[in-house]
Every structure is written in C-alpha cells, then in structure tokens.
Amino acid sequence: MRNKAKALVVVAGSLVIGAAAAGQAPGGRQGGPTADPSRVLTSPDIPGVVKGGTKVEFIRAGFNGTEGVIAMPDGGVLFTEQDADKVIRIDPAGNISTYLENTNRTIGLAYDPKGRLIGTQSRDPKVAALHPTRTVLADAFEGQPLVRPNDLVIDRKGGIYFTDPIPGANRFREPPPGRKPLLFYITPGGRLTKLTEAIEAPNGVQLSPDEKTLYATNGTHIVAFDVQPDGSVRNPRKFADSRGDGLAVDTAGRLYAAVAAGINVISPQGQILGTIPTPIGMQSAGFAGGDKRTLFAVGRGAAYKVAMIAEGIRSRAK
C-alpha cells in the first residue's frame, strides 16, 4: 500500500508539471472566481528574458473584459475592455483612461504602417480602422459574413493577418451554415484572402521579427507557417506544446503566450523556457514602454506589468 501511495504521488506530480507546461492550471483554469488578482508573485529566472525574483506588478482589476495589449508610439499601452466596448490607455506615467468608446466589442488591436489603429470586432463581425477615422476593412468573405474576428498582426507592408475562430462562438450572430474556423489575410491592397483551413481552433496570431514565419494558436498547441512574398503561408507544422490566447514576440524571436498559468516564454525552436506566473489567467501580453523592456499582460479583467531583460520589437506595436 505504501509503494502504491508513492506511485500515485509521482503520477499526480507529473500531471501537475505537464499541465503547467501546457499553460493549464492543475484542476482547471488558474485564478477562479475566488482568486485574488492583486496577490504578489515573482518570476522565475529565465536567462536573457527576465531576472529571477522580478515582481509581477499588479496594475488594476475590475475591467469588463481585457484583451489586445499593444504598445503606443509614445511608450504608452492600449488594450481592449471588450465587454464595455472600450479601448483603455495606460500612459507612460501609469495613468489609466478611456482612449476610445463604442468599439463594437473589439478584441485584438494593432497599428498599420499608416498609423491607423486597427481592431478585430466581434459583435458585428468585422476588421476595421478605429482611429484616427473609422473605416471597415473586411466584414465578409465570398458572400458570407465573418464569424468572430479575434486576434491580428500587421506586417510591415500593411497586410493584416487575423483569426476568425470556432463557428458558434459569436453569441451575437449565428455563423453561416458549414462555416469553418479560418485564418485570413487582408493584402496591402485591401483584398481579403483565405490562408488556410488547417487550424481547427484558431486564436492568437503573431509574426517572427523577420516576418518570415507566422505563428497561430491551434487549441492546445501553436502552429508555425512559412510566409511567402505575397503574404500567403505554406508548410504548417507544430511549433510548441502551449496554448496561447494572445501572442507577443521579442527581438530574439521568443514567443510569449498568454495562458491560464500566466505567460509562457517559448524559444525560437519551440521549447518552453519558463512561465511568468500571474494570479489569474492571462488573455493577452505585449511589450511597451520607452525602451520596450516592460511586458504588460491582461486577463479576466485585470492588468499587470513585468520589468524584462528581453526587448520587444520597436518598429511594431505587438
């Protein structure tokens, strides 16, 4: 009996470690209804990324939804308070304010090369410019409306990659019959093209620093594609065993995946280097600040920041 008990402990420990590596909290999502979002946590040492013992700083809780972290040109931060139809700004001094209202439940954000703030909108599904003027960029494909545009990333030419996830996920509108989850690209000329149906559960999307690789979450793992000169993608392959509600990237090509346990840091080779823990599950992360060495993360209505060794890409908002 004693040996059996020891064996059960070993198996249970293995399950906990495996769940943490995949971004899952043992026994379910980290930070349930009773979790304290202001609980103080510190990061483990991840060489070249973050110094061990660095505090995960709590900024504020109580937002009505939190997604879409990006850097502003002035060093500030934007993220979406999607269920309040707002975009929130944290300025370089740490002041929090409403930046935009009536945002049609925008989830993902990015700046294009023209300086326009682009958002993926999920109440009336579309991809649209939000600022300085409001313009619809895409709302239908082959005569069928989009379902629930979720995350996006914009290349240096102005092409927009975005995910349109699981049919039925939009509680505001029924998806077209037979509609599959899709990964789309809006060309710099404005044409909406379907990239692939190979991803059954798309969510976060990101480009490598050289923009030769596109990463997209596919449920429990992240897929990599080779980007072609026209913006299309080829050679889908499993990149990392990590979920990723939102994805960020640093100058060294490491991915940062927002997961239930915090932020998974993933090497350019797809290895999980460690997890920056948060009290509640995260939905989005991004580098910001004047030197882009602060990682901001949001999820479940709360916002955090971590001082980093790694540096975000200065020429890109996310």
Quiz item: Which numbered condition trips up G65, out of (1) part of a strand (DSSP E or B); (2) out of contact with any Leu (no Cβ under 8 Å at 6 or more places or on another chain)?
Solution: (1)
Self-check item: From the options T135, T106, T193, T163, residue that is free of Cβ contacts under 8 Å to residues at least 24 places away in the same chain, of a type in the set (V, I, T) and on the phi < 0 side of the Ramachandran plot
Solution: T135
Quiz item: Any residue in region 79-100 that is farther than 20 Å from V298 by Cα and either of a type in the set (A, V, I, L, M) or surrounded by fewer than 16 Cβ atoms within 10 Å (Cβ to Cβ) (or both)?
Solution: no
Self-check item: Filter result for the condition that a residue is assigned to a strand (DSSP E or B) and farther than 21 Å from Y256 by Cβ, over L130, L109, L78
Solution: L130
Quiz prompt | From G31, G53, residue being at pLDDT below 95 and either buried (at least 19 other Cβ atoms within 10 Å of the Cβ) or under 22 Å from G274 (Cα atoms) (or both) | solution = G31
Exercise. Restricting attention to region 133-158, report how many residues are part of a loop (DSSP other than H, G, I, E, B) and buried (at least 23 other Cβ atoms within 10 Å of the Cβ).
Key: 6
Quiz item: Taking R39 and the conditions (1) under 29 Å from I186 (Cβ atoms); (2) of a type in the set (K, R); (3) in contact with a Pro (Cβ under 9 Å, 6 or more places away or on another chain), which numbered condition does it fall short on, given that it satisfies the others?
Solution: (1)
Practice problem: Select the strands (runs of 3 or more DSSP E) contained entirely in region 219-318, then report the ones holding at least 1 residues which are free of Cβ contacts under 8 Å to residues at least 24 places away in the same chain. | Solution: 221-227, 233-240, 294-299
Exercise. Report yes if some residue within region 239-261 is touching a Lys or Arg at 6+ places or on another chain (Cβ under 7 Å) and of a type in the set (D, E, K, R); otherwise report no.
Key: no
Self-check item: Residue in region 171-225 that is surrounded by the fewest Cβ atoms within 10 Å (Cβ to Cβ), counting only those that are closer than 17 Å to Q144 by Cα and among the β-branched types (V, I, T)
Solution: T193
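The values are calculated or read from the model by the stated rules, or taken from the named source; none is laboratory data. Only a predicted model underlies this, so the values are computations on that prediction, with no experimental measurement involved. Cβ sites come from the backbone with ideal geometry, for glycine too, and all protein chains shown count toward neighbours.
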